[in-house]
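Below: one structure, written as structure tokens.
Each value in this text was obtained by applying a stated rule to the coordinates, not by laboratory testing. In this text the structure is predicted, and so the values were computed from the model without any measurement. Cβ placement follows ideal geometry from the backbone for every residue including glycine, while neighbour counts extend to all protein chains displayed.
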Amino acid sequence: MNVLAVGAHYDDVELGCSGTLIKHVLGGDNVTMLVITKSDYKNPSGEVIRDSDIACREGEKAAKLIGAELINLSYDTFMVTNDEDLTKTINGYINKLNIDTIYTHWINDLHRDHHNTSKCVLMAGRHAPRFLMYRSNFYDTEKVFRGNLYSDISMVIDKKREVIKAHESELDRVKYRWFDFFDRQHKNDGMKIGVEYAECFEVVRYLI
């Protein structure tokens, strides 16, 4: 398989599906991570909480741990739009890399960057035979995430934890709440299907 995992920011793919990506790499698949924004962050007062250089270094470290190629489009954080320019760029990578399996944000995600990224990827990847959506936050929305495909990540959970911890600046900012939430979420999803840990996806389509 030629796999493309798309996230709006450094750490989205890692939180949402890095366990499954690690499994793809171990199985001999080609994995590319496409990050849309520079992923820097300022608080409402304009104080820099995470600069783009730190975000990039942490993203590169995480991708290396996964065993994936990393591409960044350097859009401004919070400024991702659902437009043809981004869709065309993503489509170009899908064609260039001969992508047959895509992972991206859940389309009903509350975060605008996540939502617009998903819309563009869905359009760009409309011919891909396998298309799955992940969650990378825990915010309530008007629609419910209907996960209907599970990936057993029990054998790679320790590596996934290591991957997430590569984003030290972001974990410090949120006081490790993301890490704790997703660790528990994977445990709960695993219980649903009789394994120790699992990632859950909402399937758009999946060719067997």
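When Lys and Arg each count +1 and Asp and Glu each count -1, what net charge do the other residues less than 15 Å away from L149, Cβ to Cβ, add up to? Don't jump to the answer; show the numbers that get you there.
Values: positive: K23, R130, R135, R146, K192, R205; negative: D152, D189, E199, E202.
Computed value for this residue: +2.
Please compare each pair in K160/K187; K143/K175; K61/K88; K64/K96; K23/K61 to a cut-off of 23 Å on the Cα-Cα distance and tell me which ones are over it.
Violating the 23 Å Cα-Cα cut-off are K143/K175; K61/K88.
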| task | Using just the helices of the chain, give the 222 nm mean residue ellipticity in deg cm²/dmol: DSSP H runs with n ≥ 4 each add -39,500 (n - 2.57), and the total is spread over all residues, rounded to 500. | result | -13500 deg cm²/dmol
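Got a sec? How would T32, T20 order by Cβ neighbour count within 10 Å, fewest to most?
T32, T20
Of all the stretches in the chain, which is the longest one without any exposed loop site, taking GluC sites (Glu not before Pro) in a DSSP loop (any state but H, G, I, E, B) with at most 13 other Cβ atoms within 10 Å?
Free of exposed loop sites, the longest segment is 48-141.
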| task | Would you look at the GNM of the chain, springs on alpha carbons closer than 10 Å, and say which of A124, A62, A198 moves the most? | result | A124
| request: Work out which helices of the chain, taken as complete DSSP H runs, extend at least 15 Å along their axis over the Cα atoms and score a mean Kyte-Doolittle of -1.0 or more, then list them. | output: 12-26, 52-66, 84-96, 112-124
